[in-house]
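For reference, the structure discussed in these notes is given below.
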Amino acid sequence: MAGFTSTEVFSPYECDQLAIKVAGESAYTEDDCVGKLTVERETKTVTKKCRGFVKKRKTKVTGNGTITLSMHVKLDLYRKLHAMVSNGLQEGVYAFDNTVPLPECTIAARVKDEDDNIMFKGFPRCKIEEVGQMSVENGSDEVAEVEIKLSYMPDDYGKGEYEALADELTGTVLTKENWMTTFSSEKAQKTSD
């Protein structure tokens, strides 16, 4: 039986796995309690005019964009993403420090369609764009998710976003078994045969 291919319709339905690796860390932190993953890609349009009329228009993706995650995030990952520090503070105390820049991170996601076909997504260079607000509602019937807004930018290869269908991912370096734990833009590149 042939696997699912890119000639078929893939309609993203569920992000059932998400992993984030903060710069300087050796491993990804998995956090699978994602309510919503939103990706907005940036484009640039160049126009050519002749006597005031547009004669030609060319649009390309820039490799930049934004990612919005609505999720229940692990506290240690939240602190790392927001560059919260504990040095110089009492044991167990963390603080936002305006002298510490927010770190870059890499995001790997596993997205399914309504038929459980799998697409892997990878964003090698992301950074928190907006720290956001904290809201606590006493007596609420639902525990609110945290919203994390990140920007993503091109890597050393000029690419900001990678994707692969699980059934078409046949390489030996980056595989469907290790995408969520080892994704990097270097591993996504074709190696010489």
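Annotation note: Cβ proximity below 7 Å between a residue of the range 149-170 that is under 17 Å from E42 (Cβ atoms) and a residue that is among the acidic types (D, E) and open to solvent by 30 Å² or more (accessible area, probe 1.4 Å) (sequence gap 6+ or interchain) occurs for K149/E129; K149/E130; L150/E129; S151/E129; Y152/E161. Among the residues making up the range 65-94, none is over 15 Å from I148 (Cβ atoms), at pLDDT 95 or above and not in a loop (DSSP other than H, G, I, E, B). Restricting to the range 11-34, give me the number of residues that are among the acidic types (D, E) and over 11 Å from V73 (Cα atoms). Of the residues in that region, 3 qualify. The set of residues in the range 25-64 that are modelled with pLDDT under 95, open to solvent by less than 70 Å² (accessible area, probe 1.4 Å) and part of a loop (DSSP other than H, G, I, E, B) comprises D31, C33, G52. Quick one: in the range 118-159, which of the residues that are in a loop (DSSP other than H, G, I, E, B) and in contact with a Ser or Thr (Cβ under 8 Å, 6 or more places away or on another chain) is most open to solvent (accessible area, probe 1.4 Å)? Once the filter is applied, the top-ranked residue is D156.
For first residues located in the range 88-117 and open to solvent by 100 Å² or more (accessible area, probe 1.4 Å), partners that are outside any loop (DSSP other than H, G, I, E, B) and of a type in the set (S, T, Y) and lie 6+ apart or on another chain with Cβ distances below 7 Å form the pairs E114/Y13. Which of the residues spanning the range 95-140 are closer than 14 Å to S151 by Cα and aliphatic (A, V, I, L, M)? L102, I107, I128, V131 - these are the residues of the range 95-140 that are closer than 14 Å to S151 by Cα and aliphatic (A, V, I, L, M).
Against the test of being under 18 Å from the mean Cα position of the chain (by Cα), closer than 24 Å to C126 by Cβ and without any contact (Cβ under 8 Å) to a residue 60 or more places away in the chain, the options T62, T29, T66 yield a single qualifying residue, T29. Close Cβ contacts (under 6 Å, 6 or more residues apart or on different chains) running from residues in the range 2-19 that are under 16 Å from K176 (Cα atoms) to residues that are of a type in the set (F, W, Y) and in a loop (DSSP other than H, G, I, E, B) comprise A19/Y28.
The listed residues are K176, K190, and the only one of them that is part of a loop (DSSP other than H, G, I, E, B) and in contact with a helix residue (DSSP H, G or I) (Cβ under 6 Å, 6 or more places away or on another chain) turns out to be K176.
The values are calculated or read from the model by the stated rules, or taken from the named source; none is laboratory data. Bear in mind that the values here come from a model prediction, so they are computed numbers and not experimental data. All Cβ positions, glycine included, derive from the backbone under ideal geometry; neighbour counts span all protein chains shown. The area values use the complete protein model at the heavy-atom level, side chains included, leaving out ligands, DNA and RNA. Shrake-Rupley method; radii C 1.70, N 1.55, O 1.52, S 1.80 Å.
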